[in-house]
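A.B. asks: One structure coming up, written as structure tokens, with questions to follow.
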Ligand code: HAM
């Protein structure tokens with residue numbers, strides 16, 4: 001019988017990688033809390049229409065990549081796994097009347113997203129995002145604040161060199177005319193375009209600009225730029241965003257190719273890349289303003305802006321930079337071992353008491369020789385071993401500091417206090433119980 005494997009494009013996050021994810025989640029949520037954000041969770045599946053209408057029916061994400069759930073006969077609804085969080089969060093904003101809360105509503109969410117894409121390095125069918133949204137603030141100051149928050153995250157995570165690529169993609173007033181001029185500009189070259197791009201010319205010409213096909217680079221360099229075609233209000237908004245970024249000392253690069261793959265965007269659009277990696281579909285995060293989305297999903301007209309961080313890609317980037325090792329799953333502080341392999345009950349009780357006192361401790365419950373128990377504690381990078389032997393008759397145990405190599409006799413009643421003290425000095429780099 002063939003063995004089972006995780007589905008193509010998905011993977012198991014084993015403990016070392018899970019610890020790296022946990023670290024990023026903690027950095028991001030702590031940071032966002034300092035800016036006044038609150039966490040929420042939405043379901044990982046929604047009515048497919050939330051994405052069809054919100055993200056846009058003529059986007060790769062919906063047209064090609066949506067994981068639709070096979071309908072059950074008793075359900076009339078059609079469901080899909082979420083390909084991204086923003087549409088679901090906006091659905092929740094409307095459903096729970098959040099427009100009556102103090103505005104803006106500032107939310108974050110972390111979780112898996114699903115896109116039926118062709119799997120490759122850094123592109124998965126199930127991937128994790130940390131997502132952040134501000135709903136109810138038209139900007140421009142908050143646009144700069146949220147970009148600054150993104151930069152602060154990468155810096156704290158250990159990727160201080162991450163660059164901001166910035167663009168404005170206009171709004172309903174100026175974009176349609178720009179798209180027509182774009183179409184007119186590409187039309188004479190239609191025959192030379194690769195098939196995918198020819199298709200985009202028909203259906204969504206804006207996406208031609210972020211084509212990763214090398215054959216398109218020259219053509220795209222000469223294409224009309226949306227920043228030259230913005231209407232007055234969009235132009236003013238964009239220059240005010242840039243002024244605020246300047247005031248915050250946040251560097252950025254203007255990049256007309258940042259058009260984003262989801263239809264809900266208006267005005268400010270941005271992506272985060274490692275230097276030199278922007279041509280390779282390896283954005284570490286991206287987002288922008290979506291002033292029409294709340295209305296599109298049935299709410300009152302309400303502006304919004306946000307971004308998503310691609311946690312999988314950030315972990316890959318940290319590993320590639322050699323910074324991945326910094327994250328190690330913390331081992332137990334103490335392992336309780338014993339001279340009598342069979343005396344598991346007393347080892348278990350001592351470890352249970354230590355845990356109740358707040359100490360990360362485990363008992364060696366295998367019935368094996370003392371030397372083997374000691375070896376396994378050292379392999380786990382435990383700081384201490386508690387050795388239970390003949391001294392127990394007098395209420396004592398041996399406490400061995402594995403880093404310092406020292407050992408002392410300790411009264412069982414005093415063990416937790418000694419370990420807490422020793423753990424504290426270990427964490428402050430002094431060593432010794
Ligand atoms: P997005 O650019 O589609 O935006 O995704 C955000 C980030 O998720 C990307 O920059 C990338 O790091 C990561 N990502 C996307 N697809 C994959 C994949 N297949 N495998 C691994 N990582 C991936 C959004 O999803 C918007 N909802 C962001 C946003 C929030 N805009 C406004 N608010």
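The values are calculated or read from the model by the stated rules, or taken from the named source; none is laboratory data. Since the model is a prediction, treat every value here as computed from it, not as a measurement. Ideal geometry is used to build each Cβ from the backbone, glycine not excepted, and the neighbour counts take in all protein chains shown.
A.B. asks: Would you pick out the residues in region 373-396 that are without any contact (Cβ under 8 Å) to a residue 12 or more places away in the chain and out of contact with any strand residue (DSSP E or B) (no Cβ under 9 Å at 6 or more places or on another chain)?
C.D. replies: 375, 379, 393, listed by residue number.
A.B. asks: Checking residue 160 against (1) part of a loop (DSSP other than H, G, I, E, B); (2) under 29 Å from residue 66 (Cα atoms); (3) more than 16 Å from the ligand (Cβ to nearest atom), which test does it fail?
C.D. replies: The one condition residue 160 does not meet is (2).
A.B. asks: Give me the helices (runs of 4 or more DSSP H) completely within region 260-378, filtered to those with at least 1 residues that are modelled with pLDDT of 95 or more and more than 23 Å from residue 392 (Cα to Cα), ordered by residue number.
C.D. replies: Here the list reads 293-296, 311-320.
A.B. asks: Here's another thing I want to ask about it. Applying the selection to region 100-113, what residues are more than 9 Å from the ligand (Cβ to nearest atom) and closer than 18 Å to residue 18 by Cα?
C.D. replies: Keep residues of region 100-113 that are more than 9 Å from the ligand (Cβ to nearest atom), which gives 100-112.
Residues satisfying the conditions are 109, 110, 111, 112.
A.B. asks: Tell me which residues, restricted to region 262-276, are farther than 21 Å from residue 245 by Cα and within 11 Å of the ligand (Cβ to nearest atom).
C.D. replies: If the condition is that a residue be farther than 21 Å from residue 245 by Cα and within 11 Å of the ligand (Cβ to nearest atom), then 262, 264 are the ones that fit.
Residue-by-condition table, conditions (1) surrounded by fewer than 23 Cβ atoms within 10 Å (Cβ to Cβ); (2) without any contact (Cβ under 8 Å) to a residue 24 or more places away in the chain:
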| position | (1), (2) |
| --- | --- |
| 266 | no, no |
| 285 | no, no |
| 290 | no, no |
| 309 | no, no |
| 316 | yes, no |
| 322 | yes, yes |
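A.B. asks: Now for a separate question. Looking at region 29-60, which of the residues that are part of a loop (DSSP other than H, G, I, E, B) and touching a strand residue (DSSP E or B) at 6+ places or on another chain (Cβ under 8 Å) is surrounded by the fewest Cβ atoms within 10 Å (Cβ to Cβ)?
C.D. replies: Step by step, filter region 29-60, then rank; the result is 36.
A.B. asks: Given the criterion under 18 Å from the mean Cα position of the chain (by Cα) and part of a helix (DSSP H, G or I), identify the matching residue among 89, 94.
C.D. replies: Values: 94 fails: under 18 Å from the mean Cα position of the chain (by Cα).
Every option except 89 fails the conditions.
A.B. asks: Here is a further query. Show me the helices (runs of 4 or more DSSP H) found entirely inside region 166-248 where at least 3 residues are modelled with pLDDT under 90.
C.D. replies: Fully inside region 166-248 and qualifying: 195-203, 217-221.
A.B. asks: Looking at the structure I just gave you, is residue 80 part of a helix (DSSP H, G or I) and at pLDDT 95 or above?
C.D. replies: Details: part of a helix (DSSP H, G or I): no; at pLDDT 95 or above: yes.
Judged against the criteria, residue 80 is not a match.
A.B. asks: For the structure I just gave you, tell me whether residue 116 is buried (at least 21 other Cβ atoms within 10 Å of the Cβ), within 10 Å of the ligand (Cβ to nearest atom) and at pLDDT 95 or above.
C.D. replies: In short, no.
A.B. asks: Here are 11, 23, 5: which of them is surrounded by fewer than 20 Cβ atoms within 10 Å (Cβ to Cβ), more than 25 Å from residue 291 (Cα to Cα), touching a residue at least 24 places away in the same chain (Cβ under 8 Å) and out of contact with any strand residue (DSSP E or B) (no Cβ under 9 Å at 6 or more places or on another chain)?
C.D. replies: Among 11, 23, 5, only 23 is surrounded by fewer than 20 Cβ atoms within 10 Å (Cβ to Cβ), more than 25 Å from residue 291 (Cα to Cα), touching a residue at least 24 places away in the same chain (Cβ under 8 Å) and out of contact with any strand residue (DSSP E or B) (no Cβ under 9 Å at 6 or more places or on another chain).
A.B. asks: I would also like to ask the following. Does residue 144 satisfy being more than 10 Å from the ligand (Cβ to nearest atom) and either at pLDDT 95 or above or not in a loop (DSSP other than H, G, I, E, B) (or both)?
C.D. replies: Values: more than 10 Å from the ligand (Cβ to nearest atom): yes; either at pLDDT 95 or above or not in a loop (DSSP other than H, G, I, E, B) (or both): yes.
So residue 144 passes the test.
A.B. asks: Still on this structure: Residue 308 passes all but one of (1) touching a strand residue (DSSP E or B) at 6+ places or on another chain (Cβ under 9 Å); (2) more than 10 Å from the ligand (Cβ to nearest atom); (3) within 30 Å of residue 194 (Cβ to Cβ); which number fails?
C.D. replies: For residue 308, the exception is condition (2).
A.B. asks: Is it the case that some residue within region 293-300 is surrounded by fewer than 19 Cβ atoms within 10 Å (Cβ to Cβ), over 23 Å from the mean Cα position of the chain (by Cα) and within 14 Å of the ligand (Cβ to nearest atom)? Give the steps one after another, and end with the answer.
C.D. replies: Of all residues in region 293-300, those surrounded by fewer than 19 Cβ atoms within 10 Å (Cβ to Cβ) come to 295-296, 298-300.
Keeping just the survivors that are over 23 Å from the mean Cα position of the chain (by Cα) gives 295-296, 298-300.
Next, only the ones that are within 14 Å of the ligand (Cβ to nearest atom) stay: 296.
Yes, the conditions are met somewhere in region 293-300.
A.B. asks: Residue 347: surrounded by fewer than 17 Cβ atoms within 10 Å (Cβ to Cβ) and touching a strand residue (DSSP E or B) at 6+ places or on another chain (Cβ under 7 Å), yes or no?
C.D. replies: For residue 347, the condition - surrounded by fewer than 17 Cβ atoms within 10 Å (Cβ to Cβ) and touching a strand residue (DSSP E or B) at 6+ places or on another chain (Cβ under 7 Å) - is not met.
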